[in-house]
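Visitor: This is the structure I want to talk about, given as structure tokens.
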Amino acid sequence: MTYISNDIVNEIRSRTDIIEVVSRYVNLTKKGKNYIGVCPFHDDHSPSMSVSPEKQIFTCFSCGTSGNVFNFVANFEHISFIQAVMLLGEKLGYNLSNSNALIKKDDYFEIYNLANKFYQNSLNTSLGKNAIDYLKQRNIDKETIKKFGIGLSVQKLSLTDYLKNKKYDINKLMDIGLTNDNGNDIFINRIMFPIYDLSGNTIAFSGRIYNTKDTSKYVNTKETEKFKKGKILYNYHIAKEHLKKNDTVIIVEGQMDVIRASTIGINNVVATMGTAITKEHKAIIKNMTKRVILCFDGDAAGEKATTSAIAMLEDTDLDIKIVRLPNNMDPDEYILKEGKSGFCSQLDAAYNLIDYKMELLKKNKDFTDIKDISSFVSSAIKELVNEKDSIIIELNLKKIATSFGIDYNTILERYNEYKKDKKEVKKKLDVKKSYNRYSQAERNLIYYMLKDVTVLKMVERKVGYFPTKSIRELSNEIIYYFHKYGIINIADFISYISNKEELYDPLMDIIAMNIKDDFQIKEIEDYILVINEYHKEMKVRNLNQKLKEEKDPLKQAEISLEIMKIRGVKDDDTRN
Ligand SMILES: [Zn+2]
């Protein structure tokens, strides 16, 4: 591990101009005080990245990647933060290391690329005959094999030996999931499907058994620094190329579903690789398209996955449609059985969101039973309360009325009742609103603490406690940094916490919020008030909880007194 003191890091940073460095990689245009350019860290079509010469930081308002000049170079060159410091330092004439090897680019992609080619070659040797036959049997032709880079791992051809001969470090091979602890290949006798990141680099494999019985049909590379299932979608880089304007992305579970769809000429398909849709997936999908079709496996697990995907995607303006395949089939099996026309008619007949929810509610209900009818009608109306489109609401309410021979006014009355209930619930959610106000205030404060020592000192003096852990720690670090170095600026503070993920990530979120740069002292006072009030509220809430659980009347009285004290105390100490 290399260590470079903070003073040197800051010195190099202050002698380096972020505009000049970023311009080497990306075309920048001046816009007001800042420069803007196309972000190299996501699939950007309009300039979403802003670089500030004043603050010496960059921010992408689309994907959220932010940081100082070192972070930019590290991200771009796929090197570590410290390597980026060394790279830029050496350009300025600093002699920071005796060994250039440290500056060598991360060879993860290089190794995986070689491994990918190695497996593809193995498939084409005489040892691959059975595997090719197996693939043929499953209607995977040569063209598809090539398109998806399908390969083969065999016992007789050791990938580990091959890479060791190329002088790659065995520890690295273990680290990135190609070699096990005994120094042998992880994948043996499996058909290999390479997994690519969003830019099309090979980052992992999925290996499938083909002529033996094994308890695990698929083995995937373990999660590594670059392979995180929750952050990639299988086939993204190909699907994206096939998307025309207003096109739909079809989301499936498995990579075989993607590959199968491609054999019938459907290429706008991505797979979650069996994980639930994450926040990161959501951001990727939103960037790709406005329309999605969820086409998960037809079994119960697929239904569950559909429900959770809907919950994740529902609050976006994505147009969501749902396909549920019959007889527990997955898209791969369905296409094999019903062909292109069958699959396309499933896509054409996809449910829209509200219809799908209605269908779900109908499941396992016996509509000759009055009780079941009543329970369905209630839950269907409740679901419609969440719908925004008034036409959809009216049409569905009418449909319910006619289907079950209920007077429309009765249905409408019930709808209005539920709507009123929902408003009541919303009132209770005001607690949440006060959280949002608080959360905005704490993030603004952190940002201004890094801009202005006055704010830093005010926070140090007046904020009793930040209830949010990451913010509390950020604030402590900023204050500590200021007392240690006697000065504070955002770009150097970023360097200082760059190896502390638990602080770095929240700070990047704050930077990407695009908080306005100028502020009034009055605003700062308000933020501090909001935070101290929120902390009080939290304390009272906790005590109330304790009170509920406490049986001893004496102790109950004590707690009540404490609550009264907190409520009664004027918050003079938070005002000037
Ligand atoms: Zn970006």
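Visitor: To the nearest whole percent, what portion of all C-alpha pairs in the chain is separated by more than 43 angstrom?
Guide: Every Cα pair in the chain considered, those over 43 Å come to 39 percent.
Visitor: Next question. Would you please give the FRET efficiency between K484 and K164, computed as 1/(1 + (r/R0)^6) with r the Cβ-Cβ distance and R0 = 60 Å, to the nearest 0.05?
Guide: Between K484 and K164 the formula returns 0.85.
Visitor: Take each complete run of DSSP H in the chain, measure how far its Cα atoms stretch along the helix's own axis, and keep only those covering 15 Å or more with mean Kyte-Doolittle hydropathy at least 1.0; list them.
Guide: 81-91
Visitor: With labels modelled as points extended 7 Å from the Cα through the Cβ direction, what inter-label distance (nm, one decimal) is found for K244 paired with D421?
Guide: 4.7
Visitor: Could you calculate the contour length gain from K290 to N27, that is, 0.36 nm times the residue separation minus the distance between their Cα atoms, to one decimal place in nm?
Guide: Roughly 91.8 nm would be gained on extension.
Visitor: What percent does the relative contact order of the chain come to when contacts are Cα pairs within less than 8 Å and at least six residues apart?
Guide: Relative contact order for the chain comes out at 9 percent.
Visitor: Based on the mean of other Cβ atoms within 10 Å per residue, sort peptides 19-26, 249-256 so the most packed one is first.
Guide: 249-256, 19-26
Visitor: Give me S48, S379, S403, S345 ranked fewest to most by other Cβ atoms within 10 Å of their Cβ, as a rough exposure proxy.
Guide: S345, S403, S379, S48
Visitor: What is the order of E549, E442, E460, fewest Cβ neighbours within 10 Å to most?
Guide: E549, E460, E442
Visitor: Hey, could you pull the Cα Rg and Dmax for the range 440-576, both in Å?
Guide: Gyration radius and largest Cα-Cα distance of the range 440-576: 17.7, 55 Å.
Visitor: Amide H to amide H, which residues 5 or more places from A204 or on other chains are under 5 Å from it, using H placed in the peptide plane?
Guide: I195
Visitor: Taking the alpha-carbon distance from K469 and a cut-off under 14 Å, which aspartates and glutamates remain once sequence neighbours fewer than 8 residues away in the same chain are dropped?
Guide: E442, E477, E501, E502, D505
Visitor: Right, here's the next one. Neighbouring Cβ atoms within 10 Å as the yardstick, rank F367, F148 fewest first.
Guide: Listing F367, F148 from fewest to most nearby Cβ atoms yields F367, F148.
Visitor: Using 1/(1 + (r/R0)^6) with R0 = 56 angstrom and r between the beta carbons of E143 and K539, what's the FRET efficiency to the nearest 0.05?
Guide: The computed FRET efficiency comes out at 0.25.
Visitor: To the nearest 500 deg cm²/dmol, what mean residue ellipticity at 222 nm is calculated for the chain from DSSP H runs of n ≥ 4 alone, each contributing -39,500 (n - 2.57), summed and divided by the residues?
Guide: -17000 deg cm²/dmol
Visitor: I've got another one for you. Any chance you could run the full-extension gain for L561 through K522? It's 0.36 nm times the residue separation minus the Cα-Cα distance, nm to one decimal.
Guide: Computed gain between L561 and K522 is 10.7 nm.
Visitor: On to the next question. Using a 10 Å cut-off on Cβ atoms, rank the peptides 447-458, 386-397, 474-485 from the highest mean neighbour count down.
Guide: Those peptides, ordered most packed to least, come out 447-458, 474-485, 386-397.
Visitor: Here's a follow-up. Can you tell which of G342, N184, M49 lies farthest toward the positive end of the dipole of the chain, using +1 and -1 charges on the Cβ of basic and acidic side chains (Lys, Arg; Asp, Glu)?
Guide: G342
Visitor: Report the semi-axes of the equivalent ellipsoid for the range 232-353 in whole Å, largest first, where each axis is √(5λ) for an eigenvalue λ of the Cα gyration tensor.
Guide: Each semi-axis is the square root of five times an eigenvalue, giving 19, 16, 13 Å.
Visitor: Tell me, how many Å apart are the Cα centres for the range 305-321 and for the range 334-403?
Guide: Centre-to-centre distance over Cα atoms comes out at 16 Å.
Visitor: Another one. How large is the charge dipole for the range 232-353, taken about the Cα centre, if only the Cβ atoms of Lys, Arg (+1) and Asp, Glu (-1) carry charge, to the nearest 20 debye?
Guide: In debye, rounded to 20, the range 232-353 gives about 400.
Coordinate-derived values only; no laboratory data. No experiment lies behind these values; they were computed from the predicted model shown. Cβ sites come from the backbone with ideal geometry, for glycine too, and all protein chains shown count toward neighbours.
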